[in-house]
Structure formats: structure tokens, C-alpha cells
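Shown next, in C-alpha cells, is the structure this report addresses.
What follows draws every value from the coordinates through simple rules; no lab data is involved. Bear in mind that the values here come from a model prediction, so they are computed numbers and not experimental data. Here the Cβ positions follow ideal geometry from the backbone for every residue, glycine too, while neighbour counts run over all protein chains shown.
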Amino acid sequence: MAQEIAAPLEFERVVLSRPPAWVRIWALARRHPLGVFGLLCVALLFFCGILAGVISPYDPYFINGSHIKEAPTLAHPFGTDRLGRDVLSRTIWGARISLLVGMVSVLFGVTIGTFFGVLSGYLGKLADSVIQRTVDILLAFPPVVLLLAIITVIGDEDSAVRRFLTDYTPIPDGTFLGVPVFLDIFVIAIGIGIAVAVGTARVVRGAVLSLKENVYIDAARAMGASDWRIMTRHIFPNVASLVVVLGSVFLPIAILAEAAISFLGIGVPDPTPSWGADLTGPNRTDATNNGVWWVVFFPGLALSLVVLGFNMLGDAFRDISDPRLRGGGLGPGPGSGPSRRGL
Amino acid sequence: MRDFIIRRLLLLAPIMLGVSFLTFAIFRVIPGDAAVIICGFQCTPETLHDIRHELGLDEPFYEQYGDWLKGVVTGDLGESYHTKLSVTSELESRLPVTAELTIMALILALVLGIPPGVLSAVRPGTMADWVARFSSVLWLSVPNFYLGILIITFGATWFGWSPPNFATGETVGFFEDPWRNLQTFFFPALVLALAIAAVIMRLTRSSMLEVMRNDYIRTAWSKGLRERAVVWRHALKNAMIPVLTIIGVQVGLLIGGSVIIESVFALNGIGFYLLVAILSRDLLVVQSLVLLFAVTFVVANLVVDLAYAWLDPRIRYG
């Protein structure tokens, strides 16, 4: 009961003397240092990904026979790999690959997933049954195994998806955005996107089911709006914020998925500087057998920091929106257990 | 309870059928069938036709599916295109490796997840809470394959240690030589367990925080019970129910993770077999293994659901 009384009081105080925006942001940042750290990691990912061509000190593909497997020095802060390529430059370019795959797969997956989710939730009946049973079946596969199966099928050199992309879409076959195998990366992103779509469809459907019970939907229908109009004008705008949140949740997962399948050797092909691909193959042998640790340490560190950043940012957002999980500030330890409520 | 089990088993049948059909259908989408792959470069139309006939690929789609399904149900998962070894016999030798890895990882995940989660919930704001929460975010974020490589790399450079199976690729059974077996399996299982332990820890913590607010916990305190009794006997039992459901989902991660971890630590298990089959485009093996993994996942979830209903009778009438 104490909380119920306290809440409006605090609210009033905030309204009475509202400090300027930067003060509030600073206060928020002070309270969530880990969230700020997360934000920095994510910002660094976008910074490196977008400006890879400008900030990387060397060409990530440049083979230099006279600087092979050099330990980190001032000229090469992250060292060089078995072909004398600069690991720092490759790590920076890896951010672009990760970002590309992450963005494309999330945009694709969330769009498809939302489409089917809205359709399934709003139309109900047969459409709902068909879509939901399909989702049930897809969710019956362990995620990594589902992803492996999808990539095996659509990653094939002659797969229908790949042929469709080369023949009917303006996606360039060769170098694009400084990435030589852009189409390969795109196909992988589509594969991850399919897995993202499955998750999205389920969540969006749930939201639509409760949304469509609203009176304004009935009102729209009474005014003679078509199903299509109701779905696009009344349902979709209301799930849009949920979809954005889902996208931000799926982004680190997609980045991790790309790294994992590249690590397994069926993702982004070799010379491309993907964080996952750089952890495997000859680099891995160099690290585990010859002590050339820097060729795997730094790409993996970058990947870990990005995922860590997203997780910490997500945790901070959740703490802000749901203070019950915060734990701290609920009073000291066990003695306060019984007295915590009802005083 | 009996009705609930029967209802769940009946629901299982269409899912299983759908899973098997989708698995079968998805590998038919690839242009160029198995015969082309087996036939290789110097392929004449006659040999291609013979191979097709031998594999039954000239039969209609539904008959092929029926044959495959019949084989799967009777325990005949087909054979590899390349090695001509039957999948079933390969599985027999590899199952102990994957089973030990995943079971050990699950146990480690529970041990590393539940006690810190409880501690962190009953002592919020303390150093222990902070350490538990920070390490859980860390384990959730560091990809398991990266962690595995770091352990092998720095184990070798700093301590001159590497997993004993690394040189040979062979594993020793637990009962033959427990010490050597643990040397092989401890780190892979730990690496696989950490992310799952982190999820379990976070859920245990939030679920405990929730439960500790209940009236019956206040009653337990005011009866004068010791903290140990309140936390472990009254609160934890109820807090474990949501944790149990998440374990079902985590089994999926375990299975998927085994593919990755077996490749990192050179363990010759089923996950590694799947990866090799994918890389060599041995599609029949891939198809059978994908089905096997999916069925394991579905069954694991069923077991968790049943356990859930058994522990919390409210579920059965929901």
C-alpha cells in the first residue's frame, strides 16, 4: 500500500520542477552505468560498420608477405594474420558485415513475420490455423538446427532463392558497399531472416488478437472499412512499436547467428572479414596450435562486446520500465523480507 | 493427470508428422538431387538413371516420403552417400558422446544457475547480487564457440594443456577412465552450460523476487522460521515452476550448441556428424539428423510440460 501512495507524490514532484532534458538524461545515465556502456558498444558497432572504409588503417584484403603472423605492435595494434593482413582492419570491416547481415535479416524477417502475424491474428479461422500450425512446426526445430537446414537449402550455389535474387532483383552480384561477395551475404541474411520471421509472427499474432477486440475496430468495420484497410490503418500502427522492439531484440541474435554459421564454415565465405569466419579455419589452427592468439582474440572480442552491449542496453531499458526487477533499493537483505509490504 | 498426458500425446502426433514432412520437403527444394551429387563430374545419363533408380528417386514424391518415414519409424535412417555407412550405426557410436556432453552441460547449468539466482534474489543490492548479475550478462553475451577457442588457445599457451581427445579425436568412456573422460568433457560441457546457466540464473532471480513478496512468505517469516527454511522450502519450490518451463526451451539451445561445441573441441558426436554431412552435402544424412534433433527437442518439451503439470495442478485445468 505504501507504494500506491508514494507513486502519485513522486509524480507530482517531477511535474512541478522539471529539470532540463540534459540534466534528466545525465541523471538517468548515472543510475544505469551498464546501460551507458551498452549504448557505447552499440554506437561503436554502427560507427565502425558505417565508416569502415574511412577509419580502417589498412585494406582488410591486402596480403603482405613480409608481415606474417606478427604479434600486436604500434603499426598493427591487433597484429597480422597468416597472410600478413591487418587484424584491426579486418575487425573493423567485420562490423560492417555483421551490421549488414543483422539489418537485412531483421528488416526482412520482421516484415514477413509481421505480415503473417497480422494476417493470422486478424483473419482467424483457416488462415490462422494454417499459419500457426506452420509456425508450430518450425518452432519444433531447435533454432540452430533450423538455421542450418535453411542455410543448407538456400545457400546452395544454384538454389532457387539465389537465382531469384540474381535474376529479378537489382542486388549486385559482385562487389557492393566494399564487400566482394555481397550476394552470398544477402542470401545468408535471408536465411536468418526466415528464422526471425517465425518468432515475430507468433508474438505479433498474440498482440493482434487482443487489439482486434477494441471498439474502434468494430467502429471501423461498421463504417464499411475493408479487412485490408482495417489491417493496414488500424491494426498495423498499433503493433508498430512492438515490432520495433522485436527488431531491436532480434538484431544481436541475428548478428550472433551470422557469426555462428560463418564459424561453422557455411556462412560468409573465406576472404570476407566476418567475425565468425575469422574464428575458424586456419586462424583457429594458428591460435590453438601455434599460439597466434591475436587472430582469433580480437574478432571474437568485438563480437562479444557487441552482443554484451545490446544485452546491457536491453537490461537498462527493462530496469527503467519495470523497476520491480531492479532488486536494489528494496531494503537490506532478509530481515526486511516480512516487513517489506503493507507498512 | 492421465487425461492431460493423453491429450498432450495426441497433440504431439500432428506436430511430429509436420516436422518430418517439412524436413523431407525442404531438402527437395535444392536443385539437382542426390543422384547428381553421387554421380559426380563424369556422369553419363545412363549411370545417372541407374543411381536414381537405386535410390528410389524415380518414384513419386509421396512414395519417397512414405519410404523414408517407414524407415525412420523402424529405425532405419538410410545411409551416407559418400561413406555408404548406415546412419543408425554411426549414431550408435556417436550418441554416448553427445548424450554425455548435453547431460553434463544441463547439470552444470542448473548448478551454476539456481544457487546464484537465489542468492542474488534474497540479498538484493549486495556484492553477491552484483557479481551474479554481471556474470550472467557476461555469459549470455560471450558466444560459446569464442569461449571454447579461448580456453583451448590459452590453455595450450599458458598451461601447456589441451583436451586429451584433441590429438586423437577419440573419447574414452566415463566408466573406463573417469579422469581422462572428465578432462575431455568438462570444458566443452562448461562452455555449453554457461549461457544456459545465465538464463536460468536471471529467471530464478526474478521469479524468487516475485515469490518472496507473497503473503505465505510473510506468514513463514512471522512464524519465526529460519531464513533457510523460508527461502529453500517455501519460496524456491514455487519459484522453480517458471524456471522449469524455460529448461524445455534451453534444451533446444543445448542441442544446437552441441553442433558448435563438438566442432570446437573435436568431439566426434552427433552434432559434429551433422556439420560434416552439411559441408559434404550428404543430404540424406542431414535430413535424418535434422529430424532426429527436432524429435528430441519436441520430446524434451513434452517431458517438461508433463513435469510442469505434475508440479502445478492448476495447469491441467487451464
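Given a Förster distance of 25 angstrom, what is the FRET efficiency for B:F4 paired with B:K223, based on the Cβ-Cβ distance and rounded to 0.05? Mind dumping the intermediate values first?
Numbers: r = 34 Å, r/R0 = 1.38.
Calculated transfer efficiency: 0.15.
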Non-local amide H neighbours of A:R82 (under 5 Å, H modeled in plane, Pro and chain starts lacking H): which ones?
A:K69
For the range B:53-126, what is the per residue volume of the convex hull drawn over the alpha-carbon atoms, in cubic angstrom?
176
For the range A:217-291, how big is the tail of P(r) above 14 Å, as a whole percent of Cα pairs?
72
Just tell me which lysines come within less than 26 Å, Cα to Cα, of B:K84; anything on the same chain fewer than 8 places away is out.
B:K70
Under 10 Å, Cα contacts only: if you run a Gaussian network model on chain A, which one of A:A27, A:A207, A:A316 comes out with the highest mean-square fluctuation?
A:A27
Which whole-Hz couplings ³J(HN,Hα) result when phi for each residue of the range B:174-180 is put into the Karplus expression 6.51 cos²θ - 1.76 cosθ + 1.60, θ = phi - 60°, listed in order with x for Gly and Pro?
4, 7, 6, 8, x, 5, 5
Over chain B, with a Gaussian network built from C-alpha contacts below 10 Å, which listed residue (B:G257, B:G18, B:G78) shows the highest mean-square fluctuation?
B:G18
Using modelled amide H (1.01 Å from N, peptide plane; none on Pro or chain starts), what sits under 5 Å from the amide H of B:N214, excluding residues fewer than 5 places away?
none
Quick one: longest stretch of chain B between exposed loop chymotrypsin sites (Phe, Trp or Tyr not before Pro), exposed meaning at most 16 other C-beta atoms within 10 Å and loop per DSSP?
B:176-318
Please identify, among A:P19, A:P273, A:P299, the residue showing maximal mean-square fluctuation in a Gaussian network model of chain A using a 10 angstrom Cα cutoff.
A:P19
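Per-residue mean of other chain beta-carbon atoms within 10 angstrom of the beta-carbon, peptide B:147-153? Present the calculation step by step, with values, prior to reporting the outcome.
Details: counts 2, 2, 11, 9, 1, 5, 12.
Other-chain Cβ atoms within 10 Å of each residue's Cβ, averaged: 6.
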For A:W22 and B:E210, extending 7 Å from Cα along the Cα-Cβ vector and measuring point to point gives, in nm, a value of 4.2
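Once you have the alpha carbon radius of gyration of chain B, what is it after dividing by 2.2 N^0.38 Å, with N set to its residue count? List each step's numbers first, then the result.
Details: Rg = 24.0 Å, N = 318, 2.2 N^0.38 = 19.6 Å.
So the Cα radius of gyration is 1.22 times the expected 2.2 N^0.38 Å.
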The ³J(HN,Hα) series, computed from each phi in the range B:191-200 with the Karplus coefficients 6.51, -1.76 and 1.60 at θ = phi - 60°, rounded to the nearest Hz and given as x for glycine or proline, is 4, 5, 7, 4, 5, 6, 4, 5, 5, 4
Debye log10 I(q)/I(0) at q = 0.20, 0.27 Å⁻¹ for the range B:98-146, Cα point scatterers
-0.75, -1.00
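Averaged across the residues of B:251-262, what count of C-beta atoms belonging to other chains lies within 10 Å of each residue's C-beta?
On the way: counts 1, 8, 3, 2, 5, 9, 3, 3, 6, 5, 0, 0.
That works out to 4 on average.
Ranked from highest to lowest mean number of other Cβ atoms within 10 Å per residue, what is the order of the peptides A:103-113, B:274-284, A:43-53?
Working: A:103-113: 21.5, B:274-284: 19.7, A:43-53: 16.4.
Listed from highest to lowest mean packing, they are A:103-113, B:274-284, A:43-53.
What are the semi-axes of the equivalent ellipsoid of the range B:192-300, taken as the square roots of 5 times the eigenvalues of the Cα gyration tensor, listed largest first and rounded to whole Å?
Working: eigenvalues 370, 33, 15 Å².
Listed largest to smallest, the semi-axes of the range B:192-300 are 43, 13, 9 Å.
Would you kindly calculate the mean projected area, averaged across all directions, of the convex hull enclosing the Cα atoms of the range A:58-190, in square nanometres?
On the way: hull surface 44.0 nm².
For the Cα atoms of the range A:58-190, the hull's average projected area reads 11.0 nm².
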Using amide H atoms built 1.01 Å from N in the peptide plane, name the residues 5+ places from B:E79, or on other chains, whose amide H lies under 5 Å from its own.
B:V87
Rh (Kirkwood; distinct C-alpha pairs) - the range B:123-221, Å
16.4
Using a 7 Å offset from the Cα along the Cα-to-Cβ direction at both B:S280 and B:F159, what is the distance between the two label points in nm, to one decimal?
3.4
Vicinal HN-Hα couplings computed from phi for the range A:255-270 (Karplus, 6.51 cos²θ - 1.76 cosθ + 1.60; Hz; Gly/Pro x)
4, 5, 5, 4, 4, 5, 6, 5, 4, 6, x, 10, x, 5, x, 3
Of the convex hull drawn through the C-alpha atoms of chain A, the volume per residue in Å³ is 231
Roughly what angle does helix A:125-139 make with the longest principal axis of chain A, taking Cα atoms, 0 to 90 degrees, to the nearest 10?
40
Over the alpha-carbon set of the protein assembly as shown, divide Rg by the Kirkwood Rh and report the Rg/Rh ratio to two decimals.
0.98
How far, in degrees from 0 to 90, does helix A:21-31 lean away from the longest principal axis of the Cα atoms of chain A, to the nearest 10?
70
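Averaged across the residues of A:280-292, what count of C-beta atoms belonging to other chains lies within 10 Å of each residue's C-beta?
Per-residue shielding by partner chains comes out at 4.
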Taking GluC sites (Glu not before Pro) as exposed when DSSP calls them loop (any state but H, G, I, E, B) and at most 11 other Cβ atoms lie within 10 Å, what is the longest stretch of chain A free of them, the sites themselves excluded?
A:1-156
From the Cα centre of the range B:266-318 to that of the range B:101-147, the distance in Å is 24
